[in-house]
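**Student:** Before we start, here is the structure in question, set down as structure tokens.
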Amino acid sequence: MSELADRMDVAEACTRMGWHADRREWDLLAEVFDDEVALDYTSLQGGEPQRLAHEAVVSAWRGLFERLQATQHLVANHLVSVDGDTATCTAAFQATHFGAAAFGSPLWVLGGHYRFGLVRRDGRWRIGSVVMTADWAWGNRDVLNAAAAADA
């Protein structure tokens with residue numbers, strides 16, 4: 001496979017993460033991840049990065065996103081580096097969350113960038129790590145907090 005084809009496939013795998021989550025296509029979302037996924041959302045939530053089975057990632061996102069009316073994750077400006085069967089992709093994102101909140105707007109928007117680590121397995125690029133860095137937010141974060149609290 002050519003380097004250009006690899007770069008395109010890596011960028012598409014990263015885009016599919018947001019696409020399938022937004023469309024609640026949980027089986028297809030699971031296919032973009034490697035068996036285990038290192039997630040680092042500490043720039044937004046604090047705490048420590050986590051390493052989870054891909055089923056646990058999909059289950060957690062499903063539990064959160066299905067409590068929202070809609071989400072839209074735009075992933076753009078992919079910068080891809082391929083080294084054999086591993087790759088890194090850095091991309092900008094804007095994530096819109098629409099749902100109910102006790103007070104204020106029903107909309108919360110987060111912007112920043114992702115750093116994805118990918119591995120080629122069985123001829124397909126799979127995401128093995130995601131570092132999300134939040135650069136800005138707008139609106140009512142309680143929209144996401146209310147959805148997350150519904151889990152408890």
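What follows is calculated from the coordinates using simple rules that are stated; it is not laboratory data. Computed from a prediction, not measured in an experiment: that's the story for all the values here. Note that we place each Cβ from the backbone using ideal geometry, even for glycine, and neighbour counts take in every protein chain shown.
**Student:** Expressed as a whole number of Å, what is the distance separating the alpha-carbon centroids of region 1-66 and region 115-152?
**Tutor:** Using only Cα atoms to place each centre, the spacing works out to 7 Å.
**Student:** Using a 10 angstrom Cβ neighbour count of at most 16 plus a DSSP loop assignment to flag exposed chymotrypsin sites (Phe, Trp or Tyr not before Pro), which longest range of the chain is free of such sites?
**Tutor:** 42-102
**Student:** Normalised by the residues of the chain, what does the relative contact order come to in percent, with Cα pairs under 8 Å and at least six apart?
**Tutor:** 25 percent
**Student:** Related question: For the chain, rounded, prolate or oblate, judged on the Cα gyration tensor with a ≥ b ≥ c (square roots of eigenvalues), a/c < 1.5 rounded, else prolate if a/b > b/c?
**Tutor:** It is prolate, given that a/c is not under 1.5 and a/b is the larger ratio.
**Student:** Hey, got a sec? Which trypsin sites (Lys or Arg not before Pro) in region 1-110 land in a DSSP loop and have at most 15 other Cβ atoms within 10 Å? All intermediate terms of the calculation are to be shown ahead of the outcome.
**Tutor:** On the way: sites: 7, 16, 23, 24, 51, 62, 67; in loops: 23, 24, 67.
Loop-located and lightly packed - 23, 24.
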